[in-house]
1. Residue pairs, Cβ under 9 Å, 6 or more apart or interchain, first in the range 110-136 and closer than 16 Å to residue 73 by Cβ, second charged (D, E, K, R) and assigned to a strand (DSSP E or B). List them.
2. Please go through the range 1-12 and give me each residue that is within 27 Å of residue 143 (Cα to Cα) and either open to solvent by 90 Å² or more (accessible area, probe 1.4 Å) or free of Cβ contacts under 8 Å to residues at least 12 places away in the same chain (or both), ordered by number.
3. If the Cβ limit is 6 Å and pairs must be 6+ apart or interchain, which residue in the range 43-56 that is over 12 Å from residue 32 (Cα atoms) pairs with which residue that is of a type in the set (A, V, I, L, M, F, W, C) and surrounded by 14 or more Cβ atoms within 10 Å (Cβ to Cβ)?
4. Could you list, in sequence order, all residues of the range 119-139 that are open to solvent by less than 90 Å² (accessible area, probe 1.4 Å) and over 27 Å from the mean Cα position of the chain (by Cα)?
5. Taking helices (runs of 4 or more DSSP H) that do not extend beyond the range 28-106, which have at least 1 residues that are open to solvent by 50 Å² or more (accessible area, probe 1.4 Å) and of a type in the set (Val, Ile, Thr)?
6. Could you run through the range 13-27 and say how many residues are open to solvent by 90 Å² or more (accessible area, probe 1.4 Å), out of contact with any Gly (no Cβ under 8 Å at 6 or more places or on another chain) and among the polar types (S, T, N, Q)?
7. Going by the conditions given, is residue 106 modelled with pLDDT of 95 or more and of a type in the set (Val, Ile, Thr)?
Amino acid sequence: MALNVQFYKVTNALINEDIVVPRLVNQQSLDFNAMCDYLADGSTVTAADVAAVMKQIETRLPLVLGLNAKVVCSPEGLVFRPRVSGSITQSQLKKKLEAKLAADPTLDIDVNRALQTSDLSIDDLTAEISIELPKVWNERFQQKATFKRVTKALADGTEDPGNSDPNQGTNTGDNTGGNTGGGSNSGSGDDDERPGVGG
């Protein structure tokens with residue numbers, strides 16, 4: 001199986017030019033149980049063992065990240081890090097001060113004062129998880145991945161003129177329904193390197 005892509009022509013307002021961009025379509029899904037089965041296949045562990053470890057990671061990882069530690073989860077360097085987001089602008093500060101002044105006009109508040117670092121409070125922050133993929137994963141994926149151009153068929157069966165490349169693939173429409181659980185696609189053989197494909 002290849003990565004099915006459709007091409008779309010849009011206008012980029014920033015550069016005031018038309019631009020053709022790709023988008024993945026017909027994407028399938030490999031659910032958690034099927035992924036555990038795939039990881040356990042050919043190894044000394046069972047799918048239940050794999051699932052137990054994955055569930056432990058789900059439970060324990062947030063706690064470790066909450067201790068302000070980065071966690072390396074693979075030999076090649078899959079890294080989870082804690083990240084913080086949140087900000088306040090000068091205009092947001094002014095609105096906040098104006099609201100305080102409206103609630104109590106007796107307060108001595110300069111709504112036009114300059115923004116200070118102390119104006120951003122802990123309550124304005126959000127904790128998030130950042131994921132860093134190993135570069136070798138992308139390199140390996142690019143070696144395995146192939147593309148198949150998918151055209152967008154019109155209702156009368158003619159080809160969309162926006163996709164008039166003579167070298168495009170033979171698939172002429174979106175597949176209906178997704179593969180949820182790594183089931184089989186008719187006509188495909190099993191391939192250990194591509195989970196969810198084949199029988």
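The values are calculated or read from the model by the stated rules, or taken from the named source; none is laboratory data. This is a predicted model, so every value here is computed, not measured. We place every Cβ from the backbone using ideal geometry, glycine too, and count neighbours over all the protein chains shown. Side chains are part of the model used for accessible areas, which takes the heavy atoms of the whole protein and leaves out ligands, DNA and RNA. Shrake-Rupley method; radii C 1.70, N 1.55, O 1.52, S 1.80 Å.
1. Every condition considered, the pairs that remain are 129/81; 129/83; 130/81; 130/83; 131/81; 132/81.
2. Within the range 1-12, 1 is the sole residue that qualifies.
3. Pairs that qualify, where the first residue is over 12 Å from residue 32 (Cα atoms) and the partner is of a type in the set (A, V, I, L, M, F, W, C) and surrounded by 14 or more Cβ atoms within 10 Å (Cβ to Cβ), are 46/40.
4. Residues satisfying the conditions are 119, 120, 121.
5. Here the list reads 47-66.
6. 1
7. In short, no.
Condition check ((1) at pLDDT below 95; (2) hydrophobic (A, V, I, L, M, F, W, C); (3) more than 30 Å from residue 71 (Cα to Cα); (4) not in a helix (DSSP H, G or I)) across all residues:
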residue: 110; (1), (2), (3), (4): yes, no, yes, yes
residue: 113; (1), (2), (3), (4): yes, no, yes, yes
residue: 127; (1), (2), (3), (4): no, yes, no, yes
residue: 130; (1), (2), (3), (4): no, no, no, yes
residue: 136; (1), (2), (3), (4): no, yes, no, no
residue: 148; (1), (2), (3), (4): yes, no, yes, yes
residue: 151; (1), (2), (3), (4): yes, no, yes, yes
residue: 155; (1), (2), (3), (4): yes, yes, yes, yes
